[in-house]
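The values are calculated or read from the model by the stated rules, or taken from the named source; none is laboratory data. Small disclaimer: the values here were computed from a predicted structure and weren't measured. Backbone-built Cβ (ideal geometry, glycine too); neighbour counts: all protein chains shown. For accessibility, only protein heavy atoms count, side chains too; no ligands or nucleic acids. Shrake-Rupley method; radii C 1.70, N 1.55, O 1.52, S 1.80 Å.
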Amino acid sequence: EAALRAWAGGAAPGNWTEILVDNLPPLQLGSKDDGLSSTWYVRRLQNEVAGYGRWNGLGAVTAVSDDGVFGQGTKKAVEAVQAHAGIGVDGVAGKDTWTVLIG
């Protein structure tokens, strides 16, 4: 528990999904992983989107590339997830989109 609290910036126990989402960056067209970090946010997004697509029967979403570059394919997949989840469709993976994907 101490390690989780330290990771969460000392936050009190609560909604860990919310704490995690608050620490994920918004991603949009042109975002890319730098290859130097162990936190590959775009790849994580691409994998979460593909998993959401498989779980919810969104065939085209499952084909999103896992390349660490937020291109047109990733944007369209994010938009499909947003539309399916009933949240604002803007192609940007912000807090609401991350919450849908990992919540």
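Structure values in brief
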{"quantity": "Residue 85 vs. criteria surrounded by 13 or more Cβ atoms within 10 Å (Cβ to Cβ), in contact with a Pro (Cβ under 8 Å, 6 or more places away or on another chain) and at pLDDT 95 or above", "calculated": "no"}
{"quantity": "Leading residue by the ranking (least open to solvent (accessible area, probe 1.4 Å)) among those in the stretch 67-82 that are charged (D, E, K, R) and without any contact (Cβ under 8 Å) to a residue 24 or more places away in the chain", "calculated": "79"}
{"quantity": "Neighbours by Cβ (under 6 Å, 6+ apart or cross-chain): first from the stretch 23-38, among the hydrophobic types (A, V, I, L, M, F, W, C) and open to solvent by 40 Å² or more (accessible area, probe 1.4 Å); second at pLDDT 90 or above and assigned to a loop (DSSP other than H, G, I, E, B)", "calculated": "29/70"}
{"quantity": "Residues of the stretch 39-66 classified as acidic (Asp, Glu) and either part of a helix (DSSP H, G or I) or open to solvent by less than 70 Å² (accessible area, probe 1.4 Å) (or both), total", "calculated": "1"}
{"quantity": "Counted residues, the stretch 83-103 - those being β-branched (Val, Ile, Thr) and either without any contact (Cβ under 8 Å) to a residue 40 or more places away in the chain or in contact with a His (Cβ under 8 Å, 6 or more places away or on another chain) (or both)", "calculated": "3"}
